[in-house]
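Let me begin by presenting the structure, written as structure tokens, before commenting on it.
Any read-out appearing in this document is the output of simple, stated calculations on the displayed coordinates, not a laboratory observation. These numbers were taken from a predicted model, which means no experiment stands behind them. We place every Cβ from the backbone using ideal geometry, glycine too, and count neighbours over all the protein chains shown.
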Amino acid sequence: MQLKINNVEFGYSSVPVLNDISLDLAGPKFVSILGPNGVGKSTLIHCINKILTPNSGSVFIDGKDVKNITIKELAKQVGYVPYSASDTFPLTVVDTVLMGRHPHSKWGSLDKDLDIVYDTLKMLGISHLAMRPFNELSAGQHQKVMLARGLVQEPQVLLLDEPTSNLDVRHQLDVTKMLKQLSVDRQILIIMISHDINIAAKYADEIILMYQGRIYDVGAPAEVITENNLRVVYGVTSKVIDDNGRPHVILEDAVPMGEEEPASPVMAAAKRAKAEETTKAGEKGEA
Ligand SMILES: Nc1ncnc2c1ncn2[C@@H]1O[C@H](COP(=O)(O)OP(=O)(O)O)[C@@H](O)[C@H]1O
Ligand SMILES: [Mg+2]
């Protein structure tokens, strides 16, 4: 399974959010996307699974342009676990997870689909929630259910947007470790957006570090998680120590941010758009 991204550019309006993104990833592999808030991580994932269409450039799954794959076909190959489960219905956990089987379900396949659902709930340690209404669960429980929904999709590529952000440390570790193991067991490509640099560094085969709508660095954790990269990208000073060949970050301080200084292309364009808007509003006001 290969995911190839060629020169993808995207903006929600005239403001560019993704600039010239190119990537070539082949499974089985567990990849983590890191980067500060607002750099375009979620947007990039949305360009892969066709929630968004790039303004230019292409995304290929196994050599096939996703433009030419129907949403239902794509859902068999690309699973997605969204950042928040805001799009939910008053369903039980079982029914919520069962929705993930939709791309595969055929007439008469319900028993098999339910088996897969229950096996997955068990694997995630949430069998006891099966009959609970999804709406009544805690944020961490929501995340595990959404993770289950992504897993029962049995995709070749699984995209996860901060899937552990609401979990306690034990479950963060547990889920991330499980994702790494799944990439091996199922021979799939798993791409996880994360804010936990140390947990990502511990389990990921590869790190994609994003900054200002671009891929700032990509490679093995020890190559990408460096004091210098963290200073530039996150604006923090740190000590990166070696933990059995994996980098481990000890944060020191936030680098003071100049008001005018870090003029990223995205921020500069946003400022220009804002200034134009203000000017236009001003003109209208005068008329
Ligand atoms: N639906 C949207 N409409 C307009 N701008 C958006 C939308 N979603 C995100 N953005 C903007 O695009 C940029 C990247 O957002 P996002 O991809 O969500 O960042 P990240 O996931 O890295 O935090 C941000 O500046 C954000 O404000
Ligand atoms: Mg995001």
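Annotation: the antiparallel percentage among DSSP beta bridges lying fully within the chain is about 60.
Compare the Cα positions of A26, S127, Q141 along the charge dipole of the chain (+1 at Cβ of Lys, Arg; -1 at Cβ of Asp, Glu; about the Cα centre) and return the one farthest towards the positive end. Result: S127. On full extension, the segment bounded by S109 and K4 gains 34.5 nm, given 0.36 nm per residue less the C-alpha separation. Considering only S194, S127, S58, the mean-square fluctuation computed in a Gaussian network model of the chain, springs between alpha carbons under 10 angstrom, is largest for S127.
Computed about the Cα centre, the dipole magnitude for region 38-149 is approximately 200 debye when only Lys and Arg (+1) and Asp and Glu (-1) carry charge, each at its Cβ.
The mean sequence separation of alpha-carbon pairs under 8 Å and at least six residues apart, normalised by the residue count of the chain, gives a relative contact order of 22 percent. In this structure, the amide hydrogen of T92, modeled 1.01 Å from its nitrogen in the peptide plane, lies closer than 5 angstrom to those of F134, counting only residues at least 5 positions away or on a different chain.
For region 92-107, backbone phi angles converted through the Karplus equation (6.51, -1.76, 1.60; θ = phi - 60°) give residue-by-residue couplings of 6, 4, 4, 5, 5, 5, 4, 4, x, 7, 3, x, 9, 5, 10, 3 Hz, Gly and Pro being listed as x.
Over the chain, with a Gaussian network built from C-alpha contacts below 10 Å, which listed residue (R186, R149, R101) shows the highest mean-square fluctuation? Comparing R186, R149, R101 in the GNM, the peak value goes to R186. Here the simple spin-label model places points 7 Å from the Cα toward Cβ, and for M123 and I51 these points are separated by 2.2 nm.
Considering only I69, I207, I48, give the residue with the highest GNM mean-square fluctuation for the chain, with springs between Cα atoms whenever their separation is below 10 Å. For the chain, modelled as a Gaussian network with Cα springs under 10 Å, the answer is I69. Backbone geometry of region 217-233 corresponds, through the Karplus equation with coefficients 6.51, -1.76 and 1.60 at θ = phi - 60°, to 3J(HN,Hα) couplings of 7, 8, x, 5, x, 5, 7, 9, 7, 10, 4, 5, 4, 5, 5, 5, 7 Hz, x marking Gly and Pro. Exceedance of the 20 Å cut-off in Cα-Cα distance is limited, within the set K4/K29; K4/K144; K64/K180; K41/K64; K76/K106, to K4/K144; K64/K180; K41/K64. The fewest-to-most ranking of I191, I126 by surrounding Cβ atoms within 10 Å reads I126, I191. The 3J(HN,Hα) values that the Karplus relation (6.51, -1.76, 1.60; θ = phi - 60°) gives for region 33-43 are, in residue order, 9, 10, x, x, 4, x, 7, x, 4, 5, 4 Hz. Gly and Pro appear as x. When each of L147, L91, L74 is scored by the number of other beta-carbon atoms lying within 10 Å, the sequence from fewest to most is L91, L74, L147. In this Cβ point-charge picture (+1 for Lys and Arg, -1 for Asp and Glu), the chain has a dipole of about 760 debye about its Cα centre.
By the equivalent-ellipsoid construction on the alpha carbon gyration tensor, the chain comes out with semi-axes of 33, 25, 20 Å, ordered largest to smallest.
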